[in-house]
Amino acid sequence: MLGPAGGFFLRRELQEAYKRLGAISKEEGNNVEAAFYASLANQTDRAQHEELISLRKRVNGSDVSHWNAFLVKASGLVILFSGGLLLTCALAVIVRGKSFRLSALRPSRMTLVVGLCGAIGALLSSAVLYESYRPYAEILQRFIRNGDETSLPELSSFLDTTRLPLGAQGFLDVWEFVFYFWFGVVLLCIFALLVAVLRRFQHRKRANVAT
């Protein structure tokens, strides 16, 4: 009478009831009814398992959102790396030419190759970044304009996955890893600042001794 629409928690009660009815039928010698109740219990178990998988997908998002989040993070790193290459090539050409005039700039063949690779990498990674986050921007726009909440779990899963750096998925809890990651970054920045200050004082001492 209840059928599959009873809900996730009610299915447990149904499965237990089928098992007890099957045990009673078996004790009374009704093997046909016992087999029937056993099959109903198995069907309820399968339906409960499928509903649990569906619930996990709605909460955690699908593999597509995780893959898109990985593409966003990877393309962001490639953009930074490509921008660093382009900046390094530009500074190398300026230092070599000792001037900001275009006529005095003479880039070498290696500088042109590295700069071209950086430009291509930045262009391709920008395209991948745009195509990866565009569907989730549309989900957000649909929610703002029409109140459509059907795809919000996908958006939530995508945003949760993009918060973690590459290779950190499943390593620690999200909040713990984010805290320790940025804490380590801050410590490295402080260490680099101290090293720069110490080297500055050493250069000053050497200059004072030389004079």
Out of the residues in region 69-112 that are of a type in the set (D, E, K, R) and outside any loop (DSSP other than H, G, I, E, B), which is modelled with the lowest pLDDT?
R96
Cβ-Cβ below 8 Å, separation at least six or inter-chain, first residue in region 161-189 and part of a helix (DSSP H, G or I), second β-branched (V, I, T) and modelled with pLDDT of 65 or more: which pairs?
T162/V72
Considering region 126-152 alone, what residues qualify as being acidic (D, E) and closer than 26 Å to V78 by Cα?
E131, E138
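Conditions tested, residue by residue: (1) modelled with pLDDT of 85 or more; (2) out of contact with any Ser or Thr (no Cβ under 8 Å at 6 or more places or on another chain); (3) aromatic (F, W, Y).
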{"position": "S126", "(1), (2), (3)": "yes, no, no"}
{"position": "T150", "(1), (2), (3)": "no, yes, no"}
{"position": "P153", "(1), (2), (3)": "no, yes, no"}
{"position": "L164", "(1), (2), (3)": "no, yes, no"}
{"position": "Q169", "(1), (2), (3)": "no, no, no"}
Taking the options F9, F36, name whichever one is aromatic (F, W, Y), assigned to a helix (DSSP H, G or I), surrounded by fewer than 16 Cβ atoms within 10 Å (Cβ to Cβ) and at pLDDT 70 or above.
F36
So E131 ticks every box in (1) modelled with pLDDT of 85 or more; (2) over 15 Å from F70 (Cα atoms); (3) of a type outside the set (V, I, T) but one. Which box is left unticked?
(2)
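The values are calculated or read from the model by the stated rules, or taken from the named source; none is laboratory data. Because the structure is a prediction, the values reported are computed rather than measured. A quick note on method: Cβ atoms are made from the backbone with ideal geometry, for glycine too, and the neighbour counts reach across all protein chains shown.
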